[in-house]
Amino acid sequence: MGNIVLDKVEKAFGNVKVIHPLDLEINEGEFVVFVGPSGCGKSTLLRLIAGLEDVTGGAIRINGQDATDVPPAKRGLAMVFQSYALYPHMTVRKNIAFPLRMAKLDKAEQDRRVEQAASVLNLTDYLDRRPAALSGGQRQRVAIGRAIVREPAAFLFDEPLSNLDAALRVGMRLEISELHSRLKTTMIYVTHDQVEAMTMADKIVVLQAGVIEQVGSPLELYREPRNRFVAGFIGSPKMNIIEGEEAKRRGAHAIGVRPEHMSASSTEGLWEGRVGVSEHLGSDTFFHVHLDGWPEPLTVRAGGEVAMHHGDAIFLTPDEERIHKFDAEGLRIA
Amino acid sequence: MARAVSTRRKIAFTALAWAIGLIIFFPIYWTILTSFKTEAQAINDPPLFFFFDWTLENYAVVQERSDYMRFLWNSVIVAGGSTLLGILVAVPAAWSMAFVPSKATKDILLWMLSTKMLPAVGVLYPISLLFIQFGLLDTRIGLVLVLMLINLPIIVWMLYTYFKEIPGEILEAARMDGAGLREEILFVLTPMAIPGIASTVLLNFILAWNEAFWTLNLTAAGAAPLTAFIASYSSPEGLFFAKLSAASTMAIAPILILGWFSQKQLVRGLTFGAVK
């Protein structure tokens with residue numbers, strides 16, 4: 001069980017509204033990612049669900065029961081913190097067993113579940129160490145272990161990978177996804193990294209300034225962003241936004257073209273410009289192209305072995321089918 | 001060159017530190033020394049620094065005249081009891097100030113500290129009346145209560161500083177793991193704050209042990225601790241410096257030994273949070 005409903009939930013700190021009244025439904029077994037720039041309220045929203053913050057208005061229902069005023073200990077949710085928040089005075093074994101001890105499970109059952117979680121997370125050899133003697137990735141695993149042993153209604157992750165180095169981050173990302181497909185428990189995951197959001201989520205919730213901008217599957221958000229903010233936030237590198245003549249010609253205030261939806265040529269094309277910075281990734285090359293009279297350079301994706309250099313002439317042709325159109329308010333024109 | 005200057009400075013500072021240390025230690029040294037002199041040698045002019053006939057006579061007399069163990073026991077109970085009670089009250093108070101502060105927290109902390117600036121004699125009358133009213137005069141429980149109250153601001157302040165150093169996320173993690181407030185404080189906060197709590201206990205125990213205003217004014221024979229034991233030797237019947245010194249030495253010895261063995265803990269506790 002792990003169905004969570006937010007009904008007109010809002011939060012203010014003093015006079016500052018950080019979450020404007022919002023509705024959201026998270027279904028049993030879903031992997032939901034809250035994503036947005038820093039300060040958008042995504043962590044606050046997670047803490048409201050956890051019960052670590054009190055809502056200013058609205059209601060939170062977990063599995064159909066009103067949980068708005070239920071303390072965090074009684075909500076049946078488990079949380080993994082950015083700082084891991086392990087208990088430094090306890091061994092790994094005691095850390096993982098702590099929620100079971102709080103639930104007053106008998107000792108044999110505690111041991112059984114700790115051993116099981118440890119084997120799933122490759123922690124068996126470290127059970128008698130203190131957190132200080134572990135690496136960042138191992139600490140993160142302990143934090144996850146502490147969350148899974150109690151078989152919660154849902155897992156809450158608050159930017160769990162942002163303290164890890166890049167290589168480890170990719171590995172842990174896969175492990176968490178793997179864990180989700182095995183446990184099939186609802187997971188709510190907060191991140192500012194849209195790549196994490198795209199790769200892990202069943203459903204992405206894009207937040208900005210305490211408002212939900214769009215909810216949808218990664219590909220829905222990629223294909224049909226509701227507005228310019230979502231369009232710019234989802235996808236890497238960012239979508240190119242073009243205003244003015246080119247947009248007007250297509251009946252819009254602004255158009256958006258993703259770097260991967262343009263073709264680059266050194267001989268012919270719709271828009272002519274000059275190559276600025278180029279980023280060679282091996283598999284792909286991203287060119288920043290300066291066009292005469294355009295305020296911003298465009299980014300285009302080309303193959304990995306394209307031989308064009310700084311200052312060379314380059315021609316870009318957008319895939320007209322995949323151009324996104326936005327009105328003056330920034331909303332998508334269907 | 002730079003090296004020579006810094007060495008010279010080092011020597012100067014070391015000498016200064018030793019001088020200050022000796023000045024601070026001198027009264028204690030003199031007291032201990034005097035306790036081994038005869039009454040005549042104790043008031044000898046010029047003062048005798050080392051070469052005199054060492055005697056244990058004063059200790060024998062003091063031992064014979066008053067029941068040292070009873071005073072010692074009272075001191076242990078009063079200092080220990082007030083410290084323990086203070087910690088029990090202060091841990092939840094410091095928890096709430098450190099982790100769920102309100103707008104008034106800073107003011108409350110300052111107000112608590114400001115009570116330490118009030119001269120004790122200013123509240124002697126009301127406290128005495130309360131003691132009479134509740135039959136607390138010359139009782140250990142009365143002393144435990146009053147010493148706990150006067151030291152409470154210091155305990156709360158010290159614990160507050162230590163608790164501030166503990167990341168709030170760890171306590172939140174405990175809450176998510178199903179811990180209620182009691183479990184959170186008992187199983188997570190307290191064990192993490194043990195070094196801080198230990199030095200608070202130690203300092204408070206020393207303060208309570210040495211407290212001499214309330215212990216002298218609110219006790220007679222029954223609950224009198226070692227401070228009263230010392231005071232009983234500065235009597236109007238005549239000055240007996242050697243015996244007074246012997247009594248003082250006996251009174252401060254336990255706390256001196258305790259302090260000696262725990263100095264590392266004390267220094268760490270007092271500078272905790274100041275240096276990261």
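Since every read-out is calculated from the coordinates, none of them should be taken as a lab result. Everything quoted here is computed from the prediction, not taken from an experiment. Cβ coordinates were reconstructed from backbone atoms using ideal geometry, including for glycine residues, and neighbour counts include every protein chain displayed.
Key figures
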item	result
Under DSSP loop assignment and at most 14 Cβ neighbours within 10 Å, longest chymotrypsin sites (Phe, Trp or Tyr not before Pro)-free interval of chain B	B:135-276
Computed label-point distance, nm, for sites A:Arg250 and B:Asn44 using a 7 Å Cα→Cβ extension	10.8
Principal axis box of the protein assembly as shown, alpha-carbon based, largest edge first, Å	116, 72, 50
Over chain A, relative contact order from alpha-carbon pairs under 8 Å, at least 6 apart, %	17
Tail fraction, Cα-Cα pairs, chain B, threshold 36 Å, whole percent	32
Rg ratio (alpha-carbon, reference 2.2 N^0.38 Å) - the stretch A:1-120	1.23
Gyration tensor (alpha-carbon) shape descriptor, the stretch B:1-95, a/c threshold 1.5	oblate
Rg [Å, one decimal], Dmax [Å, integer] - the stretch A:268-334, C-alpha atoms	13.7, 40
Charge dipole of the stretch B:66-232 about the Cα centre (unit charges at C-beta), most positive-ward option of B:Leu203, B:Ala221, B:Met69	B:Ala221
FRET efficiency estimate (nearest 0.05) - Cβ-Cβ, A:Asp128 to A:Asp54, R0 41 angstrom	0.60
Estimated FRET transfer efficiency (A:Ala313, B:Met117; beta-carbon r; R0 51 Å; 0.05)	0.05
Cα gyration tensor shape for the stretch A:58-139, rounded if a/c is under 1.5, else prolate or oblate	prolate
Furthest towards positive pole of dipole, A:His288, B:Ile23, A:Leu123, structure part the protein assembly as shown, Cβ charges	B:Ile23
Given charges at Cβ of Lys, Arg, Asp, Glu: chain B dipole, positive-most of B:Ser245, B:Val123, B:Ser96	B:Ser96
Net dipole in debye of the stretch A:237-326 [+1 Lys, Arg Cβ; -1 Asp, Glu Cβ; about Cα centre; nearest 20]	300
Pairwise centroid distance, computed over Cα atoms, of the stretch B:17-47 with the stretch B:200-215, Å	24
Magnitude of the charge dipole, the protein assembly as shown, Cβ model with Lys/Arg +1 and Asp/Glu -1, debye to 20	1660
Flagged links, alpha-carbon separation over 18 Å, of A:Lys248/A:Lys325; B:Lys10/B:Lys264; A:Lys8/A:Lys42; A:Lys74/A:Lys94; A:Lys11/A:Lys42	B:Lys10/B:Lys264; A:Lys74/A:Lys94
Shielding score for A:63-73, defined as the mean number of other chain Cβ atoms within 10 Å	2
Chain A: translational diffusion in µm²/s, Stokes-Einstein, Kirkwood Rh over Cα pairs, 37 °C, 0.692 mPa s	148
Convex hull (Cα only) mean projected area of the stretch B:86-138, reported in nm² to one decimal	5.1
Longest DSSP-loop-exposure-free segment, trypsin sites (Lys or Arg not before Pro), chain A, at most 16 other Cβ within 10 Å	A:1-103
Label-zone membership for the stretch A:223-249, site A:Asp327, 7 angstrom Cα→C-beta point, backbone N under 15 Å	A:226-228
Kirkwood hydrodynamic radius over Cα pairs of the stretch A:138-264, then Stokes diffusion coefficient at 10 °C and 1.306 mPa s, in µm²/s	95
Whether the stretch A:219-297 is rounded, prolate or oblate, judged on the alpha carbon gyration tensor where a/c under 1.5 counts as rounded	oblate
Chain A - charge dipole about Cα centre, Lys and Arg +1 at Cβ, Asp and Glu -1, debye rounded to 20	1520
Estimated FRET transfer efficiency when R0 is 30 angstrom, pair B:Thr139-B:Leu256 (beta carbons, to 0.05)	0.60
Fully extended contour minus Cα-Cα distance, from B:Lys164 to B:Ala220, at 0.36 nm per residue	15.9 nm
Along chain A, longest interval not containing exposed GluC sites (Glu not before Pro), exposed being DSSP loop plus at most 10 other Cβ atoms within 10 Å	A:1-267
